[in-house]
Structures are given as structure tokens and as C-alpha cells.
Amino acid sequence: INWIDNSNSEEGFKIDRKLNSRTWEIEYATVGRNQLSFTDNNVDWQTIIYSYRVYSYLGEYSSGTVENTISWPEVTTAAASNVTSNSATSGGSVTIQGNYSITSRGVCYGTSLDPDLTGLHTTNSPATGSFTSSISGLSSLTTYYLRAYVTTNFGTEYGENKNFSTLSPAIGVTYAGRI
């Protein structure tokens, strides 16, 4: 977390933390004078919403607090549609941005469960809301798994797995005879 130092001659800053809607952990951490950030390495971003409040102190006196809640973005996966022998359409929706900048989003896909960014994937514009991805270069008569993803400056979150099967390729018919 980062903050602006509006204090004059503080000893340092105290940081309280709250997990989900529990009670505050008072003086969870302290940092020194003129320090403008704190990194909490004891977190589980995917399942817990964190709230922090920061205030300066000098001896027994404290300033007012500045409070901020940090949450992870949520992404859902859209079912495949427009399925052909070698392509499909999917996408998803980023429903909560959290407190991070979205750097990319799209759909990961492959023939194994839980496809991720190390494999085949699409890339859409970095934003919240619904998006659609075109998937191409697929093999016919094959089952694929897909899931939407959103990447922030902190990491990547994946939506739920969906699956679909590509169709048989169209067979061209040639008629050589009399009508």
C-alpha cells in the first residue's frame, strides 16, 4: 500500500489491517518516518478482501486515519458459441477490478483441463466488463477446455473451466452426372 505524507515531524506510520469484515488488527505493522509504502507479504488475495488504514504517530499522539480496501478482480467464463470444425467464440466478464490496473484479459484454451497463459490464449483490451474472444486454428472433432483470465500488475486470476467439442469438417460434394 502507498500513501502521501501530510504530516510534519512524525515518528512513523501505524498500519491496521482487517480481513473481510472481521475486527481490525490494531498496529498490524509500523514503518518509519517519511516512509510512504508498506508491503504485506502475508496475504491470500484470491479468497480474502483486505482493508488497511494508515495513520502517522508522534509519541502517544496519532493523526486521523486513511482507509482503503484491496480486493482481487473476479472473472467469469462465457460458454463457447459459434463452434465450427476449427474455430469458436468465447469470452467472459471482469466483474470487480479491485485495486489493481488490468494489463490484459482473454481466454486460455487447450485439450487439457485448467488451461493457462503458458499455453494457447487470446488477448483482449485491458478493461472491466464483458468481452468476446475469437478462437481459431482448432482441430476438428476435438474436445477443448477454456477459461477466461484477467491479468493485473499483481498477478493473474482465472474463471471457471468450460468445455466444447469442435465439429466435423464440411465435406465438399461433387456431382458428376446428368440431371
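The values are calculated or read from the model by the stated rules, or taken from the named source; none is laboratory data. It should be emphasised that the depicted structure is a prediction, and the values quoted were computed from it without experimental measurement. Backbone-built Cβ (ideal geometry, glycine too); neighbour counts: all protein chains shown. Surface areas here come from the heavy atoms of the whole protein model, side chains and all, with no ligands, DNA or RNA. Shrake-Rupley method; radii C 1.70, N 1.55, O 1.52, S 1.80 Å.
Before moving on, here are some points about what is shown:
- Within segment 108-131, residues that are without any contact (Cβ under 8 Å) to a residue 12 or more places away in the chain have Cβ atoms under 9 Å from residues that are open to solvent by 70 Å² or more (accessible area, probe 1.4 Å) and of a type outside the set (D, E, K, R) in these pairs: 119/112, counting only partners at least 6 apart in sequence or on another chain.
- Of residues in segment 78-136 being hydrophobic (A, V, I, L, M, F, W, C) and outside any strand (DSSP E or B), the one nearest to residue 3 (Cα to Cα): 127
- So residue 105, is it in contact with a Gly (Cβ under 9 Å, 6 or more places away or on another chain), surrounded by 14 or more Cβ atoms within 10 Å (Cβ to Cβ) and at pLDDT 90 or above: yes
- Filtered residue count, segment 1-26, keeping only those that are open to solvent by less than 50 Å² (accessible area, probe 1.4 Å) and in a loop (DSSP other than H, G, I, E, B): 4
- The combined condition, being among the polar types (S, T, N, Q), in contact with a Gly (Cβ under 7 Å, 6 or more places away or on another chain) and modelled with pLDDT under 90, is not fulfilled by residue 63.
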